[in-house]
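Visitor: Quick one: the structure is below, and I'll ask about it shortly.
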Amino acid sequence: MKNSKQVQHSKDIQLELFQSTQRLNLSETYEAIPKDVYIKDPNIEWINDDIANPIEKIFTIENQTFISEIVPATIKDKKTKKFKSRFPDLREARIEYAIISLASKQLLNVDTDKENNKIFVLKTTYYQIQKEIIDAINKQENKALKPYDCPYNVTSIKEALEVLKMSSIRVKDPEGGTEYLFNRIKDIYLKDKKVVIELGNMITNYISSGDWKATDQSSIIASRGRNEIKLRVLLNMKFRYATLGSSYSSSLSRLVEYTDFAKSKDKRTTIRRIKYLLKSMPEIEKFEVNLKKEGNSIIDAVFKIYPTKEFVSKIIENNKVTKRTKDVLFDEQGKPLIEPIQTDYSNSTEFQKARKKYNVEKGKAIFK
């Protein structure tokens, strides 16, 4: 068991690495860290047919450079009975977001571990995870699929959770002097016919911050491509406090780094592929590309991205909901008091009745 000095040292490392400025929030930090590896990534070094070395990816936060070392899980193949390295990929990312989405609806389950770090204990089922993904697809694609139509069956979800639990991320500075090691799932077990998933400090702070609830969650979970899902998360983070008419500018090199885009030696080809991806996303109204050249050679480009009014309006509405739950009070029975808003009710009479009741209960909670 860690002593108090070790615990404090661990917290100091996290603070030094990821929270060097007040503007830097943990959600953006978590999303900036490369955690997934494409199965066909040419940088994967296989020791033999089954076992791979960890892979390193460079990333930046607030103009500071870090290295993410992704250590694959080692899982026994059910067919060959051999142990094989499995890197987290698109499947793991979508299932992790489904877990975050489920956990965001159960904010009362935040707890602390033996080292007094915040953890989140989610009690769910494989069916609920499938349903969360299918509900997102139905909403995004206007379909009427059933949970059993989920692209991941129970066996696949079990394996993905195992990969999320057993793979690890080691973040370090280029000199290797400072490190922060974490797993995306801290623990997982079965209890009373439920899958109990214990999430660690970083992801718990992500959930409790309310940032996930402010996103266009369905579009993220429904994403079917690894570049698509990363780009969607980036735009949701950057438009977290967007206003109508706002835009986001990013260099080509930054987009390639963040989305883990398979860049071509020819920058024109990479630019063309990113333009194709942006055009396919319904939340983007338009975008502009300004090339940076040296002579006839393209050295970089700047993308200026404009979201649709519908997307920004959705984020604004989600922010209203998030604001209601940020500093939640509890009534005499220990239930959370959520401030009513007009859009929750079909008519003004019901809204005013709920608001009156809320104000009475709020007064009791403040002065008890």
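The values are calculated or read from the model by the stated rules, or taken from the named source; none is laboratory data. This one's a predicted model, so the numbers in the text were calculated from it and none came from an experiment. Here Cβ is always computed from backbone atoms with ideal geometry, including for glycine, and neighbour counts include all displayed protein chains.
Visitor: Tell me which residues, restricted to the stretch 22-71, are among the hydroxyl-bearing types (S, T, Y) and modelled with pLDDT of 90 or more.
Guide: Step one: list which residues in the stretch 22-71 are among the hydroxyl-bearing types (S, T, Y), which gives 27, 29-30, 38, 60, 65, 68.
Across the stretch 22-71, the qualifying residues are Y38, S68.
Visitor: Could you figure out which of (1) over 19 Å from S167 (Cα atoms); (2) charged (D, E, K, R); (3) modelled with pLDDT of 90 or more isn't true of K2?
Guide: The number of the failed condition is (3).
Visitor: For the stretch 222-241, give me each residue that is surrounded by 20 or more Cβ atoms within 10 Å (Cβ to Cβ) and either under 12 Å from the mean Cα position of the chain (by Cα) or closer than 12 Å to L277 by Cβ (or both).
Guide: First pass over the stretch 222-241, keeping only residues surrounded by 20 or more Cβ atoms within 10 Å (Cβ to Cβ): 222-223, 226-227, 229-236, 239.
Answer for the stretch 222-241, where residues must be surrounded by 20 or more Cβ atoms within 10 Å (Cβ to Cβ) and either under 12 Å from the mean Cα position of the chain (by Cα) or closer than 12 Å to L277 by Cβ (or both): S223, R226, N227, I229, K230, L231, R232, V233, L234, L235, N236.
Visitor: Could you list, in sequence order, the residues of the stretch 66-105 that are buried (at least 21 other Cβ atoms within 10 Å of the Cβ), out of contact with any strand residue (DSSP E or B) (no Cβ under 7 Å at 6 or more places or on another chain), assigned to a helix (DSSP H, G or I) and not polar (S, T, N, Q)?
Guide: Of everything in the stretch 66-105, those that are buried (at least 21 other Cβ atoms within 10 Å of the Cβ), out of contact with any strand residue (DSSP E or B) (no Cβ under 7 Å at 6 or more places or on another chain), assigned to a helix (DSSP H, G or I) and not polar (S, T, N, Q) turn out to be E92, A93, R94, I95, E96, Y97, A98, I100.
Visitor: What number of residues within the stretch 30-57 satisfy the criterion of being under 14 Å from K84 (Cα atoms) and either part of a loop (DSSP other than H, G, I, E, B) or among the β-branched types (V, I, T) (or both)? It would help to see each step written out before you state the result.
Guide: Going residue by residue through the stretch 30-57, those that are under 14 Å from K84 (Cα atoms) are 39, 44-54.
Imposing the further condition that a residue be either part of a loop (DSSP other than H, G, I, E, B) or among the β-branched types (V, I, T) (or both) reduces the set to 39, 44-45, 47-51, 53-54.
The total comes to 10.
Visitor: Could you list, in sequence order, all residues of the stretch 198-207 that are assigned to a helix (DSSP H, G or I) and more than 13 Å from the chain's Cα centre (by Cα)?
Guide: Within the stretch 198-207, the first condition is being assigned to a helix (DSSP H, G or I), and the residues that meet it are 201-207.
Result: N201, single match.
Visitor: If you scan the stretch 292-313, which residues turn out to be assigned to a strand (DSSP E or B) and touching a residue at least 12 places away in the same chain (Cβ under 8 Å)? Talk me through it step by step, then tell me what you get.
Guide: Initial filter on the stretch 292-313 (assigned to a strand (DSSP E or B)): 292-294, 297-307.
Of everything in the stretch 292-313, those that are assigned to a strand (DSSP E or B) and touching a residue at least 12 places away in the same chain (Cβ under 8 Å) turn out to be I298, I299, D300, A301, V302, F303, K304, I305, Y306, P307.
Visitor: The conditions are (1) in contact (Cβ under 8 Å) with a residue 24 or more places away in the chain; (2) farther than 20 Å from F66 by Cα, and D266 fails exactly one of them. Which is it?
Guide: D266 satisfies all of (1) in contact (Cβ under 8 Å) with a residue 24 or more places away in the chain; (2) farther than 20 Å from F66 by Cα except (1).
Visitor: Return the residues of the stretch 44-96 that are of a type in the set (F, W, Y) and more than 27 Å from L255 (Cβ to Cβ); say none if nothing qualifies. Spell out the reasoning first.
Guide: Residues of the stretch 44-96 that are of a type in the set (F, W, Y), as a first pass: 46, 59, 66, 83, 87.
W46, F83, listed by residue number.
Visitor: Testing P282 on (1) part of a loop (DSSP other than H, G, I, E, B); (2) surrounded by 16 or more Cβ atoms within 10 Å (Cβ to Cβ), one condition comes back false. Which one is that?
Guide: Going through the list (1) part of a loop (DSSP other than H, G, I, E, B); (2) surrounded by 16 or more Cβ atoms within 10 Å (Cβ to Cβ), P282 breaks only (2).
Visitor: In this structure, does T74 turn out to be farther than 28 Å from L231 by Cα and modelled with pLDDT of 95 or more? Steps first, answer last, please.
Guide: On the way: farther than 28 Å from L231 by Cα: yes; modelled with pLDDT of 95 or more: yes.
For T74, the condition - farther than 28 Å from L231 by Cα and modelled with pLDDT of 95 or more - is met.
Visitor: For the stretch 125-134, what are the residues that are surrounded by fewer than 16 Cβ atoms within 10 Å (Cβ to Cβ) and assigned to a helix (DSSP H, G or I)? Walk me through how you get there before you give the answer.
Guide: Pass one, the stretch 125-134, residues surrounded by fewer than 16 Cβ atoms within 10 Å (Cβ to Cβ): 125, 127.
Scanning the stretch 125-134 gives a single hit, Y127.
Visitor: Could you check how many residues of the stretch 217-260 are part of a helix (DSSP H, G or I) and farther than 18 Å from P88 by Cα? So that I can check it myself, show each step before the final result.
Guide: Of the residues in the stretch 217-260, the ones part of a helix (DSSP H, G or I) are 217-222, 226-238, 252-259.
Filter once more, keeping what is farther than 18 Å from P88 by Cα: 217-219, 232, 234-238, 252-256.
Number satisfying all stated conditions: 14.
Visitor: Tell me which strands (runs of 3 or more DSSP E) are completely within the stretch 135-197 and hold 1 or more residues being surrounded by 15 or more Cβ atoms within 10 Å (Cβ to Cβ) and either under 17 Å from the mean Cα position of the chain (by Cα) or basic (K, R) (or both), or say none if there are none.
Guide: Output list reads 168-172, 179-182.
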